[in-house]
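Student: Below: one structure in structure tokens.
Throughout, read-outs are computed from the coordinates displayed, never taken from laboratory work. A quick note: this is a predicted structure, and the numbers were derived from the prediction, not measured. All Cβ positions, glycine included, derive from the backbone under ideal geometry; neighbour counts span all protein chains shown.
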Amino acid sequence: MKKAVILGASGGMGYNLVHELLNRENIEVVAVARNTEKMKKMFHRLNDRINIVAGDALHRSSILQACEGAEWIFHAINIPYPQWERDLLIIMENVLAAAKKEKAKLVVVDNIYAYGRSNGKTMSETDPKNPHTKKGKIRLQLAEMVEKSGVDYLIAHFPDFYGPCEGKTLLHHTLKKVVQNKRSQFIGDLNIPREYIFLPDGAKALVELALRDDTYHEHWNIPGAGVISGREIIQILREKLQYEKKVSVVTKSMIYFLGLFSPMMKEMVEMMYLVEEPVVLSGEKFEKRIGPLPKTPYEQGIIATVDFMKHQEEA
């Protein structure tokens, strides 16, 4: 039986990768994160099917131990923006060391920041990466580290996440208050269509790539089910969930003001271009080489996400 190690298993993508990998035959799944008690609660129905391991990605010995015997290492670790400049390079160095030691295939969960501004163009993997933000430049530097490392790798680019167990994205910020039946907020212009990916879809597509031998040493875009505006999202919430509370808009100037008091909000200011000039990914390469992308309609994905969040609130 081959072993798949998921680093960052307590995050949104990590959680969904664990579930997707368990759907595949003859794969031993190891879930790694710092907080084992949190993972035991998250995976309480799966505890007899997965190995839960404590691992701190900032400590190389910890990651080397967690990844022993791995055939695949899924790097789904996410940390708060204020820690990126200090810690992301260290984490990647440690993950690469583990991949080299085990001769494992490295599967990297990445975002769209390195693409920079799209200028209205749907972005493909062959488009040059011209990041204009500090965080975009960090993501590009990380990718270059992986490319030059000598390990077998694939890097997957995703739009903003939503779905089961995702608690830190822009859309989750809106849905959390809906679940509580309180007045909510939407970050960015309600009329500008943006792309999101339902996490179970993203995990399924990524595992499809990872389990093949002809997908490595490449970048892959994994888009969502098209684009949707904030106004359309709110309409789904009102029609399907009978949500009646007011939803206010959070603008860039409001984020800037909050940044005067919050390091997280301060770091978020430069990324607000993504709600003004959204980057949309092309999935043409995936569909030509692998097959149809999983694309849960937004209406279905949003309702499933809210249902999951309600169960979490009640637990």
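Student: Can you give me the long-range amide H partners of Asp160? Hydrogens built in the peptide plane at 1.01 Å from N, cutoff under 5 Å, separation of 5 or more residues or another chain.
Tutor: Ile197
Student: Rounded to whole Hz and in sequence order, give me ³J(HN,Hα) for the range 74-81 from the Karplus expression 6.51 cos²θ - 1.76 cosθ + 1.60, θ = phi - 60°, writing x for Gly and Pro.
Tutor: Working through the residues one at a time gives 9, 8, 10, 6, 10, 10, x, 3 Hz.
Student: Excluding same-chain residues fewer than 8 positions from Lys38, which aspartates and glutamates have a Cα within less than 19 Å of its Cα?
Tutor: Correct list for Lys38: Asp48, Asp56, Glu166, Glu313, Glu314.
Student: Also, quick follow-up: About its Cα centre, what dipole magnitude does the range 71-158 give when the only charges are +1 on Lys and Arg Cβ and -1 on Asp and Glu Cβ, stated in debye to the nearest 20?
Tutor: 260
Student: Between Arg45 and Leu64, what is 0.36 nm times their sequence separation minus the Cα-Cα distance? Round to one decimal in nm.
Tutor: Separation in residues times 0.36 nm, less the Cα-Cα distance, equals 4.1 nm.
Student: Order these by the 10 Å Cβ neighbour count, fewest first: Trp84, Trp72.
Tutor: Trp84, Trp72
Student: Just in the range 195-249: which GluC sites (Glu not before Pro) are loop by DSSP and have at most 11 other Cβ atoms within 10 Å?
Tutor: Glu244
Student: Separate question: Non-local amide H neighbours of Ala225 (under 5 Å, H modeled in plane, Pro and chain starts lacking H): which ones?
Tutor: Under 5 Å from the amide H of Ala225 lie the amide H atoms of Tyr196, Phe198, each far enough along the sequence or on another chain.
Student: Cross-link list Lys3/Lys177; Lys252/Lys285; Lys100/Lys129; Lys121/Lys168: which exceed 32 angstrom alpha carbon to alpha carbon?
Tutor: Table pairs above 32 Å Cα-Cα are Lys3/Lys177; Lys252/Lys285.
Student: Set Lys and Arg Cβ to +1 and Asp and Glu Cβ to -1, take the dipole of the chain about its Cα centre, and tell me which of Gly167, Ala33, Val179 lies farthest positive.
Tutor: Val179
Student: Fewest to most neighbouring Cβ within 10 Å: what's the order for Lys40, Lys176?
Tutor: Sorted ascending by nearby Cβ count, the order is Lys40, Lys176.
Student: Taking H placed 1.01 Å from N in the peptide plane, check which residues at least 5 places from Met123 or on another chain put their amide H under 5 Å from its amide H.
Tutor: Those lying under 5 Å, H to H, from Met123 are Val280, Leu281, Ser282.
Student: Here is a follow-up. Helix 298-314 against the longest principal axis of the chain: what's the angle in degrees, Cα atoms only, rounded to the nearest 10?
Tutor: Between the helix axis and the principal axis of the chain, the angle is about 80 degrees.
Student: Also, I was wondering about something else. Can you sort His19, His75 from fewest to most other Cβ atoms within 10 Å of each residue's own Cβ?
Tutor: Sorted ascending by nearby Cβ count, the order is His19, His75.
Student: Determine the dipole magnitude for the range 189-275: charges of +1 sit on the beta-carbon of Lys and Arg, -1 on that of Asp and Glu, nothing else is charged, the reference point is the Cα centre, and the result goes in debye to the nearest 20.
Tutor: Result for the range 189-275 is approximately 580 debye, rounded to the nearest 20.
Student: What number, in percent, do you get for the relative contact order of the chain if the mean sequence gap of Cα pairs under 8 Å and at least 6 apart is divided by its residue count?
Tutor: Worked out over the chain, it gives 18 percent.
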